Protein chains: 2
Amino acid sequence: MTLPESLSSRAVTDPDVKATYGIDESVGALAPDRYEVVRARDLGDVVDVLAHAQATGTPVVPQGARSGLAGGSVALDGGIVLSLEGLTTITELDAVEGIAVVQPGVINADLKAAAAAEGLFYPPDPASSAFCSIGGNVATNAGGLCCVKYGVTADYVRGLEVVLAGGEVIRTGHRTAKGVAGLDLTGLFVGSEGTLGVVTEVVTKLVPAPDPALTALATFDSLSAASDAIVALRRERHRPSLLELLDEPTLAAVQAIADYGFPTGCAAVLIVQADRPGHTAEDVQRYAALLEEAGATEVAVADDAQESEALLAGRRALHHALVAKGTHFIEDVCVPVRQLTDLITAGHEISARTGVEITMSGHGGDGNLHPSFFYDAGDDDSRHRAEEAFGELVKVALGMGGTITGEHGVGSLKARWLPDEVGAASIERQRAVKALFDPRGILNPGRVYWS
Amino acid sequence: MTLPESLSSRAVTDPDVKATYGIDESVGALAPDRYEVVRARDLGDVVDVLAHAQATGTPVVPQGARSGLAGGSVALDGGIVLSLEGLTTITELDAVEGIAVVQPGVINADLKAAAAAEGLFYPPDPASSAFCSIGGNVATNAGGLCCVKYGVTADYVRGLEVVLAGGEVIRTGHRTAKGVAGLDLTGLFVGSEGTLGVVTEVVTKLVPAPDPALTALATFDSLSAASDAIVALRRERHRPSLLELLDEPTLAAVQAIADYGFPTGCAAVLIVQADRPGHTAEDVQRYAALLEEAGATEVAVADDAQESEALLAGRRALHHALVAKGTHFIEDVCVPVRQLTDLITAGHEISARTGVEITMSGHGGDGNLHPSFFYDAGDDDSRHRAEEAFGELVKVALGMGGTITGEHGVGSLKARWLPDEVGAASIERQRAVKALFDPRGILNPGRVYWS
């Protein structure tokens, strides 16, 4: 495969640099042998790539910051990686209309900072906020730690500019506060993981800024007590802005890299934050009382931002701790909150039975955990057993009325389970919608609902 | 056209009763000569109707409470009106998961009341809240008075059960707090105005209840001062939960039916509410100060619920006042908030130039007005001039980057302008999506994007 003259000036040629564009953050991602990388500099470049790809039947993988965890932006053999990371302009930020208009390569944290400078807030906050891009967030309908109060990316997207397969450019949605003219194509593109078109501009909604959050941290000697606390907190009129859960194996992994003050042997830790303007101290104290009532063995409450950050430090170290613990698959199941205890218990049972080490932690307040399944990278049998255990827990989550993915996306890693969740009738329609927008199947083929 | 035996027991036969199912609340709606009405009693009835309709190529108009204002649920000649009004069960209401599962015929106000009994809140509140149905709200992605703070129906729909043309039943979305598995078919159905399928169950999101609102009412002697006040209020960190605008001709129409205390000759009235728990009095006083700073000539502030309701009485009487004033078309344009003054001024200019009486009022805080165009029902020329004036204002709104419909839907009355707003490329895709879900074109044919 060779790129046409018109695109070659945007292509990455250095093999080492090119290799970095071949994969994302998903475990076990391997770049194929043959692929090209084009770094778009403007809308025209995206149009050129999609026109060329359509004409030649070349697969295109739209790619943002390569922080994806589901394999949705790994290069495809014989295909073009279309990187949007260079499109980093915040075109507009309007406090009265409550919108920002941004290019897809804008980093999540940069949009947050720009909004904050105007007293506004862009809530979606994947743990990768410091380096993930808005385009990738839109592609996966990303969530994060704030969702328990603020919802997900889709809740903050009003409109899009999208380049379709073949190079046609359409605009969807609206800039106004409301708008119901015609079918909601915006919602269709959000979360479509690059399978329907390439997003080149996003109109995001911004909301008034909350107060800096105050944190409480509680330890529990039983999962059911931790779960009771979550249920009590979800009934709160003034909702926590963060409600994270770490189980015993997770805490051991975190303590293994440094002492974050977690006692050994406790069954679970909950971390809760309050950010309601003018009421953070009052709310976090009330949360602390609820945590104690539910049976917490110890509760620490931050008085200021510094203590707050200190209590969150162990949670922030989680990703590094799990990487240090070893190679692992990351799940992204979300279940009804009442089922959390049963989900975690099921994970521990699967671990005990199969010998696969499993940590269960994540956004407890949403019922959205990221169970991690550890294996020996050099041992196919070990990897296979981890995969089997992974699949078992997915089935448990689906049996609870849950989903295979709360916020990471289906990508390539979870595609095999999608029909079990949504059913054949839905898959058939999803594929038909795909065929309608991408008749030659050039956009991220083989992913999500098309494996 | 005759209904098959299996459906005839659900059919309405009394001609007078049948006639009431022929039309909705849209102005000038006329039922066609020949149509059947089937009142569904359960999912099976809906399946039967859509199977029969598909087999015979019979048009089906899904219908809720017939409160639509865009002609989207008026009977079609030779077709079946499929009424969902009998499906009124709230199947589930779960305060921990923060969801309600409801049938489409549930009245909006009944869901609000059921949620309130659990300390929860279902925000979407069309002015027709007391008699419109959730199914209709989903079909049009309805808004209301709360949107300035709480958003629209789509923001509160997590999942759907939908019967497709032919009778196949699919489920979309999720019950969990998050879920990104596959394409967002839920969003596609919300706002599709009965053109893609018939919704038979809705999983709605509920949020914690606010405080009972306190109201402020301000009069202005210039539109630009009222607009300045709206801009100032939109910059508020603690947003108004309601922000309505009435222009001079609207105020005259309201005063004509009873004395609601509006002074004659003022250019505009703004009505503002605060519902922040524990802070309603403080917030509404701050809003009052902002209204004065912006140049209000008079500001009244309610101290309690009774005074609050009294200040809102003129707004509540609006629909009756406009009906009493005469036959009129209702527009539903939404523009960027900064453009409100220009939009209203344009309406007044069109009125002065054409002689068509036009009132400009609505959800000022969203930039979403419902301009009304009056005409003599017995005079075709008068009606034609009102239609022309209506079309002129639509063009002004589109020129401002606005939309033809903020919350009522496109239906049949606004279909002619949809291509001007969304463009040919989008219309083409919308029609293709329609063809995919409804290959024989039996679902609300001729409406929205398919005229």
Fill in the blank from the handout: Filtering helices (runs of 4 or more DSSP H) wholly in the stretch B:333-451 for at least 1 residues that are under 30 Å from B:Gly57 (Cα atoms) gives B:418-422, B:424-437
Practice task
Working carefully through the options A:Tyr21, A:Tyr35, find the one that is closer than 20 Å to A:Thr140 by Cα and aromatic (Phe, Trp, Tyr).
Solution key: A:Tyr21
Practice task
Evaluate the stretch A:385-393: report whether one residue or more is of a type in the set (Gly, Ala, Ser) and surrounded by 22 or more Cβ atoms within 10 Å (Cβ to Cβ).
Solution key: yes
Handout entry: Residue among A:Thr204, A:Thr219 that is of a type in the set (Ser, Thr, Tyr) and either in the same structural domain as A:Ser361 (by TED's automatic domain parsing) or under 30 Å from A:Val46 (Cβ atoms) (or both)
Key = A:Thr204
Handout entry: Yes/no for A:Arg338 being within 17 Å of A:Gly406 (Cβ to Cβ) and over 16 Å from the mean Cα position of the chain (by Cα)
Key = yes
Exercise for the section: Determine, yes or no, whether B:Leu93 is crowded, with 23+ Cβ neighbours inside 10 Å and either touching a residue at least 60 places away in the same chain (Cβ under 8 Å) or out of contact with any Ser or Thr (no Cβ under 6 Å at 6 or more places or on another chain) (or both). Expected result: no
Fill in the blank from the handout: If we keep only residues of the stretch B:53-79 that are β-branched (Val, Ile, Thr) and out of contact with any His (no Cβ under 8 Å at 6 or more places or on another chain), then the residue surrounded by the most Cβ atoms within 10 Å (Cβ to Cβ) is B:Val74
Practice task
For the stretch A:287-308, indicate whether the set of residues that are over 19 Å from A:Phe220 (Cβ atoms), outside any loop (DSSP other than H, G, I, E, B) and hydrophobic (A, V, I, L, M, F, W, C) is non-empty.
Solution key: yes
Exercise for the section: Scan the stretch A:173-188 residue by residue and report those that are more than 7 Å from chain B (Cβ to nearest Cβ) and in contact with an Asp or Glu (Cβ under 9 Å, 6 or more places away or on another chain). Expected result: A:Gly173
Problem - Residue in the stretch B:302-322 that is surrounded by fewer than 18 Cβ atoms within 10 Å (Cβ to Cβ), at pLDDT 95 or above, more than 24 Å from B:Pro212 (Cβ to Cβ) and not acidic (Asp, Glu) present - result: no
Completion exercise
Result of the Cβ filter at 7 Å on the stretch A:35-64, keeping first residues that are within 17 Å of A:Gly78 (Cα to Cα) and partners that are among the aromatic types (Phe, Trp, Tyr), at least 6 apart or interchain, is A:Val37/A:Tyr21; A:Gln63/A:Tyr21
Completion exercise
Being in contact with a helix residue (DSSP H, G or I) (Cβ under 8 Å, 6 or more places away or on another chain) and crowded, with 21+ Cβ neighbours inside 10 Å narrows B:Gly355, B:Gly367 down to just B:Gly367
Exercise for the section: Would you confirm whether any residue within the stretch A:53-75 is within 30 Å of B:Ile230 (Cα to Cα) and touching a Leu at 6+ places or on another chain (Cβ under 8 Å)? Expected result: no
Practice task
Spot the failing condition for A:Asp155; the list is (1) within 15 Å of the chain's Cα centre (by Cα); (2) over 18 Å from B:Asp184 (Cβ atoms); (3) within 8 Å of chain B (Cβ to nearest Cβ), and only one is missed.
Solution key: (2)
Practice task
Please go through the stretch B:421-451 and pick out each residue that is surrounded by fewer than 18 Cβ atoms within 10 Å (Cβ to Cβ), within 10 Å of chain A (Cβ to nearest Cβ) and charged (D, E, K, R).
Solution key: B:Glu428, B:Arg431
Completion exercise
Here the residues within the stretch B:208-255 that are within 13 Å of another protein chain (Cβ to nearest Cβ), within 21 Å of the chain's Cα centre (by Cα) and aliphatic (A, V, I, L, M) are B:Leu243
Problem - Top-ranked residue of the stretch A:256-277 - restricted to ones that are touching a residue at least 60 places away in the same chain (Cβ under 8 Å) and farther than 13 Å from A:Leu291 by Cα, ranked as nearest to the other protein chains (Cβ to nearest Cβ) - result: A:Pro277
Practice task
Take the stretch B:1-20 and flag every residue that is surrounded by 10 or more Cβ atoms within 10 Å (Cβ to Cβ) and either in contact with a Lys or Arg (Cβ under 9 Å, 6 or more places away or on another chain) or of a type in the set (Val, Ile, Thr) (or both).
Solution key: B:Met1, B:Leu3, B:Arg10, B:Ala11, B:Val12, B:Val17, B:Thr20
Practice task
Please work out if A:Val203 is within 10 Å of chain B (Cβ to nearest Cβ), in contact with a strand residue (DSSP E or B) (Cβ under 6 Å, 6 or more places away or on another chain), within 28 Å of B:Gly72 (Cβ to Cβ) and surrounded by 21 or more Cβ atoms within 10 Å (Cβ to Cβ).
Solution key: no
Problem - Condition check for A:Lys414: surrounded by 18 or more Cβ atoms within 10 Å (Cβ to Cβ), touching a His at 6+ places or on another chain (Cβ under 9 Å), on the phi < 0 side of the Ramachandran plot and not assigned by TED's automatic domain parsing to the domain that holds A:Arg239 - result: yes
Problem - Residue in the stretch B:100-142 that is surrounded by the fewest Cβ atoms within 10 Å (Cβ to Cβ), counting only those that are farther than 18 Å from B:Gly68 by Cβ and charged (D, E, K, R) - result: B:Glu118
Problem - Residue identified as of a type in the set (A, V, I, L, M, F, W, C) and assigned by TED's automatic domain parsing to the domain that holds B:Ala252 among B:Leu369, B:Leu343, B:Leu312 - result: B:Leu312
Practice task
Among what's in the stretch B:348-375 and is without any contact (Cβ under 8 Å) to a residue 40 or more places away in the chain and hydrophobic (A, V, I, L, M, F, W, C), pick the residue that is nearest to the other protein chains (Cβ to nearest Cβ).
Solution key: B:Val356
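The values are calculated or read from the model by the stated rules, or taken from the named source; none is laboratory data. The shown structure was predicted, so the numbers you read here are calculated from the model rather than taken from an experiment. With ideal geometry, Cβ positions are generated from the backbone for all residues, glycine too; neighbour counts draw on all protein chains shown.
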